[in-house]
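Report on one structure; see the data block that follows.
The values are calculated or read from the model by the stated rules, or taken from the named source; none is laboratory data. Not measured: the values here are computed from a predicted model. As a convention, Cβ positions derive from the backbone with ideal geometry for all residues, glycine included, and neighbour counts pool all protein chains shown.
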Amino acid sequence: MEIIIENTKIKSIAADITTLTVDAVVNAANSSLMGGGGVDGAIHRAGGGEILQECKKIIAKIGRLPTGEAVITTGGKMPSKYVIHTVGPVWHGGQRNESELLKNAYINSLKVARDHSIKTIAFPSISTGVYGYPVKYASREAVSSVADFIKQSPGLFDEIIFCGFDSSAEEEYAKALEEIA
């Protein structure tokens, strides 16, 4: 599925995010930035030690990365030039401000991208793995947050990709895109 908002192409795909040729991929990181499972582990493995070294420097300065915030490192050995690391919320049934925290993860990632003149960016399905956020809800929050940001700041990005880890995740992002098209 693909739509265009304010001259920015937004699409959903199912792919390995570490293989995408974009300016930046977003990492669904944990607050320690030390790698982990899922997308986080895959990005650290594919990008190599350079990413981890930069993450260690960031954590030495700030401690832990709070939920909803974002920082940037090199893309290491991946095709992307940068990795934007953000921490999504753990799902607690929607009763602990998860929606707002997830929105912040997307918005703050876009702000980091803007500040580094990034034109193409790929997002994973943040918080929907071990953090348990239902993809149906996360996809709608992600798509609406990104669309609102683009409408408020047109011309910043050429392409934004929602990269699902499988076809069922991609389908949820496609449905969310259809709803705002």
Test: residue in the range 88-107 that is under 14 Å from residue 2 (Cα atoms) and not in a loop (DSSP other than H, G, I, E, B): no
Unmet requirement for residue 95, which otherwise passes all of (1) out of contact with any Lys or Arg (no Cβ under 9 Å at 6 or more places or on another chain); (2) crowded, with 16+ Cβ neighbours inside 10 Å; (3) within 18 Å of residue 138 (Cα to Cα): (2)
Any hit, the range 78-90, residues being among the polar types (S, T, N, Q), farther than 22 Å from residue 176 by Cβ and free of Cβ contacts under 8 Å to residues at least 24 places away in the same chain: no
Within the range 66-78, tally of residues that are in contact with a helix residue (DSSP H, G or I) (Cβ under 7 Å, 6 or more places away or on another chain) and part of a loop (DSSP other than H, G, I, E, B): 7
Residue under evaluation residue 46, criteria (1) touching a Phe, Trp or Tyr at 6+ places or on another chain (Cβ under 9 Å); (2) assigned to a helix (DSSP H, G or I); (3) within 24 Å of residue 169 (Cα to Cα); (4) not hydroxyl-bearing (Ser, Thr, Tyr), criterion not met: (1)
From the options 32, 117, 109, residue that is surrounded by 16 or more Cβ atoms within 10 Å (Cβ to Cβ), modelled with pLDDT of 95 or more and polar (S, T, N, Q): 109
Residue list for the range 144-181, restricted to those being of a type in the set (Val, Ile, Thr), in a helix (DSSP H, G or I) and in contact with a Ser or Thr (Cβ under 7 Å, 6 or more places away or on another chain): 150, 180
Residue within the range 116-125 that is under 14 Å from the mean Cα position of the chain (by Cα), in a strand (DSSP E or B) and more than 20 Å from residue 171 (Cα to Cα) present: yes
Residue 59 vs. criteria assigned to a strand (DSSP E or B), β-branched (Val, Ile, Thr) and without any contact (Cβ under 8 Å) to a residue 60 or more places away in the chain: no
